[in-house]
Amino acid sequence: MNKQIILTFLSTIFLIISCNDINNGSTQDDPISSKEKWLHFHHITADAFDIKGMPLQIKPEEVRYGLFEEEEKMYSKTFMYSPDSTYYIDMDSYGLEIAENDDGSLEYLGREIDIKVQLVNVLTSDSSAIELMMCGTSCFPEEAYWENKTTVSILGLSTDRSEKVYPTIWTYDLTNGAFVKYISEKEVIPTDENYFEKYRLNKLLSLTM
């Protein structure tokens, strides 16, 4: 009798553990990454890019950086932090026009043609940053994704000489300064939607932290 009770108890424990393992291994409820979201928005997959890429002879320079308290409160909502939280990417605080209404709500007025992508060390965020990119009409950064704690990918669009637009990934390695550009073989599908306005703008306009 006691042996039967013990066997039943062990079987129950085994069943519970098995169910937990299945639930823990499920990816159905896992949040989609910013990179996956960006690829899906442009109707492409990661294999649409040349695996070798184009090495860029760019040496990012240190620039003055610092935000007022209210600016940091707003723009920090879209900072993309490295896995170890020692760096973040800021691609909104430069050239973005947001006004505060009388009722305290925020209104998006648009952004300058130039977009600056800045790599910020958390320890020096009140004095300097590394300017990775300054884009005008030839490139348009939309998102950032940390491949690991030392490699960040800037996801966006670039225009060729014939003015065709292609999804583009710029990858920067903090350890050796290597900068590589990957261009999709597939052009951007014309749409009325804007990636920034669809996925990131609401974070900036939100009054909650």
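The values are calculated or read from the model by the stated rules, or taken from the named source; none is laboratory data. Values in this document were obtained by computation on a predicted structure and should not be read as measured data. Cβ: placed from backbone, ideal geometry, glycine included. Neighbour counts: every protein chain shown.
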Without any contact (Cβ under 8 Å) to a residue 60 or more places away in the chain, under 19 Å from GLN57 (Cα atoms) and of a type in the set (Ser, Thr, Tyr): does that describe THR124? no
If I filter the stretch 117-127 for residues that are in contact with a helix residue (DSSP H, G or I) (Cβ under 8 Å, 6 or more places away or on another chain) and in a strand (DSSP E or B), do I get at least one hit? no
Of all residues in the stretch 47-81 being part of a loop (DSSP other than H, G, I, E, B) and among the aromatic types (Phe, Trp, Tyr), the one that is surrounded by the most Cβ atoms within 10 Å (Cβ to Cβ): TYR65
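Go over the candidates SER206, SER138, SER125 one by one and state the one that is over 30 Å from GLU100 (Cα atoms) and over 17 Å from the mean Cα position of the chain (by Cα).
Answer to the selection: SER138.
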Scanning the stretch 132-152 residue by residue, the ones that are crowded, with 17+ Cβ neighbours inside 10 Å and within 15 Å of ILE58 (Cβ to Cβ) total 6
For a quick check of your reading of the model, give me the residue pairs whose first member lies in the stretch 82-108 and is surrounded by 11 or more Cβ atoms within 10 Å (Cβ to Cβ), whose second is aromatic (Phe, Trp, Tyr) and outside any strand (DSSP E or B), with beta-carbon atoms closer than 6 Å and at least 6 apart or on different chains. TYR88/PHE79; ASP90/PHE79; ASP92/TYR75; SER93/TYR75
Between GLU142, GLU131, GLU147, GLU107, which is in contact with a Gly (Cβ under 6 Å, 6 or more places away or on another chain) and either at pLDDT 95 or above or assigned to a strand (DSSP E or B) (or both)? GLU142
Can you tell me which residues in the stretch 180-195 are out of contact with any helix residue (DSSP H, G or I) (no Cβ under 7 Å at 6 or more places or on another chain) and either of a type in the set (A, V, I, L, M, F, W, C) or at pLDDT below 95 (or both)? VAL180, ILE183, GLU187, VAL188, ILE189, PRO190, THR191, ASP192, GLU193, ASN194
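Yes/no matrix, rows are residues, columns are (1) out of contact with any strand residue (DSSP E or B) (no Cβ under 7 Å at 6 or more places or on another chain); (2) small (Gly, Ala, Ser); (3) touching a residue at least 24 places away in the same chain (Cβ under 8 Å):
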site	(1), (2), (3)
ALA129	no, yes, yes
MET134	no, no, no
SER138	no, yes, no
GLU142	no, no, yes
ASN148	yes, no, yes
SER153	no, yes, yes
LEU157	no, no, yes
ARG161	yes, no, no
Please determine, by comparing only the residues of the stretch 72-86 that are modelled with pLDDT of 95 or more and of a type in the set (Ser, Thr, Tyr), which one is nearest to SER206 (Cα to Cα). TYR81
Check ALA178 against each of (1) farther than 23 Å from VAL120 by Cα; (2) surrounded by fewer than 18 Cβ atoms within 10 Å (Cβ to Cβ); (3) touching a residue at least 60 places away in the same chain (Cβ under 8 Å) and name the one condition it does not meet. (1)
Does ILE44 satisfy the criteria of being surrounded by 10 or more Cβ atoms within 10 Å (Cβ to Cβ), modelled with pLDDT of 85 or more, among the hydrophobic types (A, V, I, L, M, F, W, C) and touching a Ser or Thr at 6+ places or on another chain (Cβ under 7 Å)? yes
Among (1) of a type in the set (Ser, Thr, Tyr); (2) surrounded by fewer than 10 Cβ atoms within 10 Å (Cβ to Cβ); (3) modelled with pLDDT of 90 or more, THR27 falls short only on (3)
